[in-house]
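Have a look at the structure below before the remarks.
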Amino acid sequence: MEYDVIVVGSGISGGLVSILLANYGFSVCLLNKSENIYESNTYYAQGGIVYSGENDSPELLAKDIDIAGGGICNPEAVKVVSENAYRLVKEILIEKLGVEFSKNPEGLFDLTEEGAHSTRRILHVDDTTGKSIEEKIIEKIKSIKNINVLNNFTAIDIITIDHHTKHRLRMYKPITALGIYALNNKTKKVEKIEAKIVILATGGMGQIYLHTTNTTVATGDGYAMSARAGCRLVNMEYTQFHPTTLYHPGANNFLISEAVRGEGAIILNIKGEEFMHKYHPLKELAPRDIVTRSILNEMLENGEKFVYLDATRIGKDKVKQRFPNIYKKCLEYGIDISVEPIPIVPAFHFSCGGILTDSFGKTNIERLFAIGEVACTGLHGANRLASTSLLEGVVFAKRIADFLKENFDFYKTIEKYEVADWIDTGIIETIDPALTNQDWNLLKNIMWNYVGAIRSKKRLRRAIIDLNNLKEDIENFYRDAKLSRNIIELRNAVQTGLIVAQQALANRESIGAHYRID
Ligand code: SIN
């Protein structure tokens, strides 16, 4: 299989860049490891996407992004995103894809507020914004002939000239991507998919943590694959925890959108007392890292496992009408959010770091691009401002597509090397699920307890020792057993966890989402 471009991941970033490139005439292979193409963090995004509010300006947005990011955002990425946000959301999502964002009774966009924003500037579709966007993206993809979607294919490794061809002297030149080895989950055969350009849009890593808002596909694949290939990963210690997820034994950290606080909900401790005023002048609308640590501190002081989010102040009818999905979901767990407070806890939400890219998505590996959560453009610095993740996907999809269109003469000819076929070990032993389940549990607990929202040298050192041992065991499974999506994900997950822990130990300064008590 040979294409102009192979895109790994079908969320907003992978989906949009595929559409834009296909419209420019590129042949695109879109690889997705699930049977269900919609399965991505994008689909579950509730809050919304930055647009433009009253008295708003790119400068004001840039300032908000930078303050939330702890002052270490990449100024170039912030400029690119803040200057293009309004234009590209309008052009791509509203006009091209026809996403129907919620409107007020006057027929104007119903802009909402979220933490650390200076103005109400967030577009949303009720509380299921991501679902509405992703449905439009997939509908479009299905109508485009030069996008070949391969569902149920798990990417294993980036093919590089250096690793996977016999050209020994090639190591003296820059590492160059040639495609992807991917497991066909159904036939269990590994396919070699070659392309002139590889774009990683594999999303995040939430599944390495015990508590997360992320869906099951977020297993850190892109971070681990790119690290094995020689990519530079930065800011990996800036793991953002969302302050408000449902605390319920059956709920698995269902997200309670920040927009609920934006509309007036307040946080109460177990005794029913407000406490955010003790921690930040913006109270409930302080940056996420601050709200998260305030909640954890309050839980510690009161010896409790959760706090409350009181959404009743929004008004009985408004809360149901504005947050129908959250209302319905909580009701399934016996909580009527229009009349009673919601038990909540923080959970892992977003990785602000990732594969370092420039402002056209280029990585330090030739012909390899990265976009979305797996990439680190530097936009988010040490802590991401709410409702900028979908936005980053839109802006960078356009920038990467335009860059490749303009520079295709350079990319269209590639040195010809024969890429080795995947070498199967020939071992057909299947792995005992009791072992892999325990490995997942171990990984998630190590990350949550030692590399969580509050860190110390002792915890991080312990994490690194434990993760190294676990990594070795999992590597042995990987080498000896029949390949499966689960073992590929588990290998990627532990490698990603180790990178996070190592970067967290190396950084002794508390900024944004990285907080060291020592
Ligand atoms: C939320 O709805 O709270 C999530 C929004 C975001 O992470 O940007």
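When residues of segment 41-85 are filtered for being part of a loop (DSSP other than H, G, I, E, B) and among the small types (Gly, Ala, Ser), how many remain? Walk me through it before giving the result.
Taking segment 41-85 and keeping what is part of a loop (DSSP other than H, G, I, E, B), we get 45-48, 51-57, 69-74.
Subsequent filtering for residues that are among the small types (Gly, Ala, Ser) retains 45, 47-48, 52-53, 57, 69-71.
Result for segment 41-85: 9.
If LEU178 satisfies all but one of (1) open to solvent by 40 Å² or more (accessible area, probe 1.4 Å); (2) hydrophobic (A, V, I, L, M, F, W, C); (3) under 22 Å from ILE423 (Cβ atoms), what's the number of the condition it fails?
(1)
Take the residues in segment 105-136 that are modelled with pLDDT under 95 and open to solvent by less than 40 Å² (accessible area, probe 1.4 Å), then tell me which one is nearest to VAL394 (Cα to Cα).
GLU114
Out of all the residues in segment 300-307, is one or more under 26 Å from the mean Cα position of the chain (by Cα) and open to solvent by 60 Å² or more (accessible area, probe 1.4 Å)?
no
Which members of segment 29-52 meet the condition of being away from the ligand (no atom under 16 Å from the Cβ) and either among the polar types (S, T, N, Q) or at pLDDT below 95 (or both)?
Selection gives ASN32, SER34, ASN36, SER52.
Within the group ILE12, ILE6, ILE67, ILE19, which residue is within 16 Å of the ligand (Cβ to nearest atom), at negative phi, touching a residue at least 60 places away in the same chain (Cβ under 8 Å) and buried (at least 21 other Cβ atoms within 10 Å of the Cβ)?
Values: ILE6 fails: within 16 Å of the ligand (Cβ to nearest atom); ILE67 fails: buried (at least 21 other Cβ atoms within 10 Å of the Cβ); ILE19 fails: within 16 Å of the ligand (Cβ to nearest atom).
That would be ILE12, the only listed residue that is within 16 Å of the ligand (Cβ to nearest atom), at negative phi, touching a residue at least 60 places away in the same chain (Cβ under 8 Å) and buried (at least 21 other Cβ atoms within 10 Å of the Cβ).
Restricting the search to segment 225-242, which residues are surrounded by fewer than 24 Cβ atoms within 10 Å (Cβ to Cβ) and among the charged types (D, E, K, R)?
ARG228, ARG232
I'd like the full set of residues that are among the small types (Gly, Ala, Ser) and modelled with pLDDT of 95 or more, limited to segment 294-310. Before you say what the answer is, go through the steps one by one.
So in segment 294-310, the residues among the small types (Gly, Ala, Ser) come out as 294, 303.
Scanning segment 294-310 gives a single hit, SER294.
Could you tell me which of the residues THR219, THR245, THR215, THR202 is of a type in the set (Ser, Thr, Tyr), within 16 Å of the ligand (Cβ to nearest atom) and either open to solvent by 10 Å² or more (accessible area, probe 1.4 Å) or closer than 30 Å to VAL149 by Cβ (or both)?
Details: THR219 fails: within 16 Å of the ligand (Cβ to nearest atom); THR245 fails: either open to solvent by 10 Å² or more (accessible area, probe 1.4 Å) or closer than 30 Å to VAL149 by Cβ (or both); THR202 fails: within 16 Å of the ligand (Cβ to nearest atom).
Within the list THR219, THR245, THR215, THR202, the selection yields THR215.
Pull up segment 361-402, narrow it to residues that are in a loop (DSSP other than H, G, I, E, B), surrounded by 24 or more Cβ atoms within 10 Å (Cβ to Cβ) and of a type in the set (Val, Ile, Thr), then point me to the one that is farthest from the ligand (Cβ to nearest atom).
Filtering first and then ranking leaves THR363.
Conditions: (1) open to solvent by 10 Å² or more (accessible area, probe 1.4 Å); (2) within 16 Å of the ligand (Cβ to nearest atom). GLU100 meets all but one. Number of the miss?
Every listed condition holds for GLU100 apart from (2).
Exactly one condition in (1) part of a helix (DSSP H, G or I); (2) over 21 Å from the mean Cα position of the chain (by Cα) is false for ALA420; which is it?
Among (1) part of a helix (DSSP H, G or I); (2) over 21 Å from the mean Cα position of the chain (by Cα), ALA420 violates only (1).
Can we say ILE335 is aliphatic (A, V, I, L, M), open to solvent by 10 Å² or more (accessible area, probe 1.4 Å) and over 25 Å from the mean Cα position of the chain (by Cα)?
Numbers: aliphatic (A, V, I, L, M): yes; open to solvent by 10 Å² or more (accessible area, probe 1.4 Å): yes; over 25 Å from the mean Cα position of the chain (by Cα): yes.
Yes; evaluated as a whole, the condition is true for this residue.
Filter segment 27-45 for residues that are touching a Lys or Arg at 6+ places or on another chain (Cβ under 9 Å) and buried (at least 24 other Cβ atoms within 10 Å of the Cβ) and give the result.
Matches in segment 27-45: LYS33, THR42, ALA45.
The values are calculated or read from the model by the stated rules, or taken from the named source; none is laboratory data. Remember, it's a predicted structure, so these values are computed and weren't measured experimentally. A quick note on method: Cβ atoms are made from the backbone with ideal geometry, for glycine too, and the neighbour counts reach across all protein chains shown. Note: accessible area is taken over every heavy atom of the protein model, side chains too, but ligands, DNA and RNA are not part of it. Shrake-Rupley method; radii C 1.70, N 1.55, O 1.52, S 1.80 Å.
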